[in-house]
Amino acid sequence: MRILVVEDEAKVASFVRRALEEESYAVDVCDDGAKGLELALAGCYDLIVLDLMLPGMPGLEVLKALRKEQVTAPVLILTARSELDQKVKGLDAGADDYLTKPFAIEELVARVRALLRRGTGEAAGVLQVGDLALNPATREVTRGGQRIELTAKEYALLEYLMRNAGRVLTRPMIAEHVWNQDFDTFTNVIDVYVNYLRNKIDRGQERKLIQTVRGSGYTLKAD
Ligand code: CA
């Protein structure tokens, strides 16, 4: 899952980036409202963390423009305690949640997780495809009850495949949701990671869950 963080306070931005990357999200950070809007309109973000007081364009205007352009990604706004009336305006303008600064990073991570879950309509929180299960809260992955150890990137890729189970996912789609803007499109890194995942998820299994769709990309499905 790919997240855009629009925050001009470098300290807060890097702290948020680190925490979200630890959760295996792909993160882009931007310190200017107008640039943030541009990125959000161009990219396929699954969630946006948006500060309100920003150079370039105020967060509230960024939010209104996004909703006007039909960008439906959940938006979590960050407000200073002195901007409480802004919080109400933010919710009215289409924000999904807000956090008042200073906040505990664990709370931000928990809210991000909840917003992403809401977006997929996933109830119990555990993603399940056949006998493969992934718990976003504990980051535990099992197949047939057996624990599977994944690296952060393998986990992020699997989470994206599972959230979109049954859909054909092209390499550009995978790149947009699992890697950040530093991704080099001229490499075969996606195929390499899909192979890593196959070795861990499908090797030795009668039923292969990760399937190649020739000429298109990949899909994960139980049948
Ligand atoms: Ca600010």
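Each other residue within a Cβ distance under 14 Å of residue 102 adds +1 if Lys or Arg and -1 if Asp or Glu, for a net charge of -3.
Starting from the Cα gyration tensor of the chain, take the square roots of the eigenvalues, sort them a ≥ b ≥ c, and report rounded, prolate or oblate (rounded when a/c is under 1.5, otherwise prolate if a/b is larger than b/c, else oblate). Prolate, because a/c is 1.5 or more and a/b exceeds b/c.
Taking the helices alone, the chain has a mean residue ellipticity at 222 nm of -12500 deg cm²/dmol, built from -39,500 (n - 2.57) per DSSP H run of at least 4 residues and averaged over all its residues. For segment 131-201, applying the loop criterion from DSSP together with a ceiling of 10 other beta carbons within 10 Å to the chymotrypsin sites (Phe, Trp or Tyr not before Pro) yields 186. Helix 152-163 and the longest principal axis of the Cα set of the chain meet at an angle near 90°. FRET efficiency for the residue 89 to residue 191 pair, using the beta carbon distance and R₀ = 41 Å, is estimated at 0.35. Can you tell me the orientation of helix 33-42 relative to the chain, as the angle in degrees between its alpha-carbon axis and the longest Cα principal axis, to the nearest 10? With both axes taken from Cα atoms, the answer is about 30 degrees.
The Cα center of segment 12-53 and the Cα center of segment 141-161 differ in position by 24 Å. At the residue level, residue 14 shows approximately 50 square angstrom of accessible surface with a 1.4 angstrom probe and all protein chains present.
Helix 105-120 axis versus longest C-alpha principal axis of the chain: approximately 60°, rounded to the nearest ten.
Expressed as a whole percent, the accessible area of the chain that falls on carbon and sulfur atoms is 49 (1.4 Å probe).
Counting only heavy atoms of the protein chains, get the accessible area per residue of the chain (1.4 Å probe) and round it to a whole Å² value.
Accessible area per residue: 49 Å².
Please give me, ordered by residue number, the GluC sites (Glu not before Pro) of segment 34-77 that lie in loop per DSSP and have at most 11 other Cβ atoms within 10 Å.
Numbers: sites: 38, 61, 69; in loops: 69.
Those satisfying the criteria are 69.
The values are calculated or read from the model by the stated rules, or taken from the named source; none is laboratory data. Predicted model only: the values in this text are computed from it and were never measured. Cβ: placed from backbone, ideal geometry, glycine included. Neighbour counts: every protein chain shown. Surface accessibility is based on the protein's heavy atoms, side chains included, excluding ligands, DNA and RNA. Shrake-Rupley method; radii C 1.70, N 1.55, O 1.52, S 1.80 Å.
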